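*Asks:* My structure is below; once you've seen it, I'll send some questions.
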Amino acid sequence: MELSSFVWKLADIIFIINIFLVLIVVIFERRNPVATLSWILLLVFVPILGFLMYIFLGQNLQRKKLFYLKEEEEHELLSLLAGQDVSLRKKSLNFNDPRTQDYLDLIYLQMVSNYSLLTQDNTVEVFHDGQELFERILASLRNAKYYIHMEYFIIRNDSIGRQIMKILAEKAREGVEVKLLYDGMGCIRLTPRFFRKLHEAGGRSAAFFPPFLPYINIRINYRNHRKILIIDGDEAYVGGFNVGDEYRGLSPRFGHWRDCHLNIRGSAIDSLEMRFLLDWRFAARDPLSDTDYYFPTRKPEGDSAIQIVSSGPDMKYPAVRNGYLKLINKAQHNVYIETPYLIPDESILEALKIAALSGVDVRLMIPYKPDHFYVYWASLSYVGELLDAGVRCYRYKKGFLHSKKICCDGFASSVGTANLDIRSFELNFEVNAFIYDEEITGQLEESFLLALEDSVEITREAYAARPMRFRFKEGLFRLLSPIL
């Protein structure tokens, strides 16, 4: 009887806690209604698991408190760069390529909502292969003379990770300023020993939202998903590759790793540097002083137009998502998209369908082999709607597809860290390069079309004939997709 009484009391307590959490979600969180409904269903029907998931994944009441200082500093700093605003509003800004004028509304959107300056003196080199990219990165690091600023979501303690750390330590001993920023969740397995030689040599590292206990992080939702590397202010890297052997195609599980990364030279580096300094300030608690050193006077490197766009839960608008939406809506001929995770919000989903129904050639590529099964099944649940509207969908079979890029009409494109999913739009800290250039976008589109040879198309007939167990998984994880 005593055990039975205890069980009933425990059940009552769990029920009260769940009612309390439901009220918090409904009244205080002000979420998207679909996400709110998903959390309510989880809390009501799976109370204990739902409670734990909410603690680690759901709560965002402290969002403003957590990011207040960072947001305040960001507004103060980035407002100094808003002088381009007047030229854009008056449409008096001169463009290297007349076609850039067609994207004036997108450029202005990112300017006023994200302080994203348009720079038109850049050169861009595109990488899709990890071996080639890391050979270039290692060479760039060895050539550093003044400073190295690195920011990554994942850094592995493996062959390439140790090579990079060795070079960073060597450069720090030479007097080069080395700052390494990593995500507390993405690098949760790294120990202090991994950074010891770097610290002993005078280099510095900082964790973005480190776990308060080993392997436990209640801020799991706030992931710094950015990948930025800046060397001497002369060149910068940004894109989808993290640091690890699997990104060089050496993982037995995934094999070849398809991704997209950029090497940039030109004034767009200043925007990436500003992004890094703001993130470093937040994680390392360093004052922002003497920053002029990181923004040298430049000679034009090329003529490619680029905007660096950041997004995250500390920002008022989902800038990368809005940029994707604008690109899709503006497309007249084609939209090519590569993404490892397809969980679009309603506006992106409708934009893709409307574009296809309007006669635009919309093609979408996702992985054939998933790394997260729940996201994979949720992604496939959206494919049917897209196929019905005329979107052509493919699954990349050669290895794992991790690329995050969108190309439109042979001129405008975006490459960066943001997936086509709600997590990237609302919860992760992301950074993308929006490019207005026929040559670079042409390269990205050509690479997409070549990758179709290593992909299998999902036809409407094949999708309709999928087994019932697939449909069940898709339906289940589609229901939970707003909180995945």
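Every residue, every condition in (1) of a type in the set (Ser, Thr, Tyr); (2) part of a strand (DSSP E or B); (3) buried (at least 24 other Cβ atoms within 10 Å of the Cβ), yes or no:
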{"residue": "LYS369", "(1), (2), (3)": "no, no, no"}
{"residue": "VAL375", "(1), (2), (3)": "no, no, no"}
{"residue": "ALA378", "(1), (2), (3)": "no, no, yes"}
{"residue": "SER381", "(1), (2), (3)": "yes, no, no"}
{"residue": "CYS407", "(1), (2), (3)": "no, yes, yes"}
{"residue": "ARG423", "(1), (2), (3)": "no, no, no"}
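*Asks:* Filter region 343-366 down to the residues that are touching a strand residue (DSSP E or B) at 6+ places or on another chain (Cβ under 7 Å), modelled with pLDDT under 95 and outside any loop (DSSP other than H, G, I, E, B) and list them by number.
*Replies:* ILE343
*Asks:* Then there's this: Sort out which residues of region 242-258 are within 20 Å of GLU446 (Cα to Cα) and surrounded by 24 or more Cβ atoms within 10 Å (Cβ to Cβ), and write them in order of number.
*Replies:* The first filter runs over region 242-258 and keeps only residues within 20 Å of GLU446 (Cα to Cα), leaving 256-258.
Passing the criteria: TRP257, ARG258.
*Asks:* Continuing with the same structure: Of the residues in region 285-324, how many are part of a helix (DSSP H, G or I) and either touching a helix residue (DSSP H, G or I) at 6+ places or on another chain (Cβ under 8 Å) or under 21 Å from LEU427 (Cα atoms) (or both)?
*Replies:* Initial filter on region 285-324 (part of a helix (DSSP H, G or I)): 291-294, 319-324.
If we keep only those that are either touching a helix residue (DSSP H, G or I) at 6+ places or on another chain (Cβ under 8 Å) or under 21 Å from LEU427 (Cα atoms) (or both) as well, we get 291, 294, 319-324.
The total comes to 8.
*Asks:* Among (1) in contact (Cβ under 8 Å) with a residue 60 or more places away in the chain; (2) closer than 25 Å to LEU250 by Cβ, where does PRO370 come up short?
*Replies:* Checking PRO370 against (1) in contact (Cβ under 8 Å) with a residue 60 or more places away in the chain; (2) closer than 25 Å to LEU250 by Cβ, the one that fails is (1).
*Asks:* Moving on to the next point. Could you give me the residue pairs with C-beta distances under 8 Å whose first residue belongs to region 456-467 and is closer than 19 Å to LYS398 by Cβ, whose second residue is hydroxyl-bearing (Ser, Thr, Tyr) wherever it lies, and which are 6+ apart or on separate chains?
*Replies:* VAL456/TYR368; VAL456/TYR394; GLU457/TYR394; ILE458/TYR394
*Asks:* Using the structure shown, decide if TYR237 is surrounded by 24 or more Cβ atoms within 10 Å (Cβ to Cβ) and of a type in the set (Ser, Thr, Tyr). If you could, list the steps in order and put the result at the bottom.
*Replies:* On the way: surrounded by 24 or more Cβ atoms within 10 Å (Cβ to Cβ): no; of a type in the set (Ser, Thr, Tyr): yes.
No.
*Asks:* If a residue has to be β-branched (Val, Ile, Thr), surrounded by fewer than 20 Cβ atoms within 10 Å (Cβ to Cβ) and in contact with a strand residue (DSSP E or B) (Cβ under 6 Å, 6 or more places away or on another chain) to count, how many in region 261-301 make the cut? Step through it out loud before you land on a result.
*Replies:* Going through region 261-301, the residues β-branched (Val, Ile, Thr) turn out to be 264, 269, 291, 297.
Now drop any that are not surrounded by fewer than 20 Cβ atoms within 10 Å (Cβ to Cβ), which leaves 291, 297.
Still in the running and in contact with a strand residue (DSSP E or B) (Cβ under 6 Å, 6 or more places away or on another chain): none.
Number satisfying all stated conditions: 0.
*Asks:* Which members of region 413-424 meet the condition of being in contact with an Asp or Glu (Cβ under 7 Å, 6 or more places away or on another chain), closer than 17 Å to HIS261 by Cα and of a type outside the set (Gly, Ala, Ser)? Break it down stepwise before answering.
*Replies:* Restricting attention to region 413-424, the residues satisfying the condition of being in contact with an Asp or Glu (Cβ under 7 Å, 6 or more places away or on another chain) are 416-418, 422, 424.
From the residues that got through so far, the ones that are closer than 17 Å to HIS261 by Cα too are 416-418.
Result: THR417, single match.
*Asks:* Kindly indicate whether any position in region 428-443 is buried (at least 23 other Cβ atoms within 10 Å of the Cβ) and in a helix (DSSP H, G or I).
*Replies:* Yes, because at least one residue in region 428-443 is buried (at least 23 other Cβ atoms within 10 Å of the Cβ) and in a helix (DSSP H, G or I).
*Asks:* So is LEU342 over 25 Å from TYR247 (Cα atoms) and of a type outside the set (Asp, Glu) or not?
*Replies:* Details: over 25 Å from TYR247 (Cα atoms): no; of a type outside the set (Asp, Glu): yes.
Judged against the criteria, LEU342 is not a match.
*Asks:* Tell me, please, whether a residue that is over 22 Å from LYS369 (Cβ atoms), of a type in the set (Asp, Glu), modelled with pLDDT of 95 or more and outside any loop (DSSP other than H, G, I, E, B) can be found in region 233-246.
*Replies:* Yes, region 233-246 contains at least one residue that is over 22 Å from LYS369 (Cβ atoms), of a type in the set (Asp, Glu), modelled with pLDDT of 95 or more and outside any loop (DSSP other than H, G, I, E, B).
*Asks:* Here is a further query. Scanning for something more than 20 Å from the chain's Cα centre (by Cα), surrounded by fewer than 17 Cβ atoms within 10 Å (Cβ to Cβ) and charged (D, E, K, R), does region 331-347 turn up at least one residue?
*Replies:* no
*Asks:* Pairs needed: first member in region 398-412, closer than 17 Å to LEU262 by Cβ and at pLDDT 95 or above; second member anywhere, assigned to a strand (DSSP E or B) and among the polar types (S, T, N, Q); C-beta distance under 6 Å; at least 6 residues apart or different chains.
*Replies:* What qualifies is ILE406/SER414; CYS407/SER413.
*Asks:* Could you tell me whether PHE276 is modelled with pLDDT under 90, in the same structural domain as LEU141 (by TED's automatic domain parsing) and closer than 22 Å to SER140 by Cα?
*Replies:* So PHE276 does not fit the description; no.
*Asks:* Here's something else I'd like to know. Would you mind stating whether GLU273 is within 21 Å of VAL112 (Cα to Cα) and out of contact with any Cys (no Cβ under 7 Å at 6 or more places or on another chain)? Don't jump to the end; show me each part of the working.
*Replies:* Details: within 21 Å of VAL112 (Cα to Cα): yes; out of contact with any Cys (no Cβ under 7 Å at 6 or more places or on another chain): yes.
For GLU273, the condition - within 21 Å of VAL112 (Cα to Cα) and out of contact with any Cys (no Cβ under 7 Å at 6 or more places or on another chain) - is met.
The values are calculated or read from the model by the stated rules, or taken from the named source; none is laboratory data. On a predicted model such as this, the values are computed, not experimentally measured, just so you know. Neighbour counts run over all protein chains shown; Cβ positions are idealised from the backbone, glycine included.
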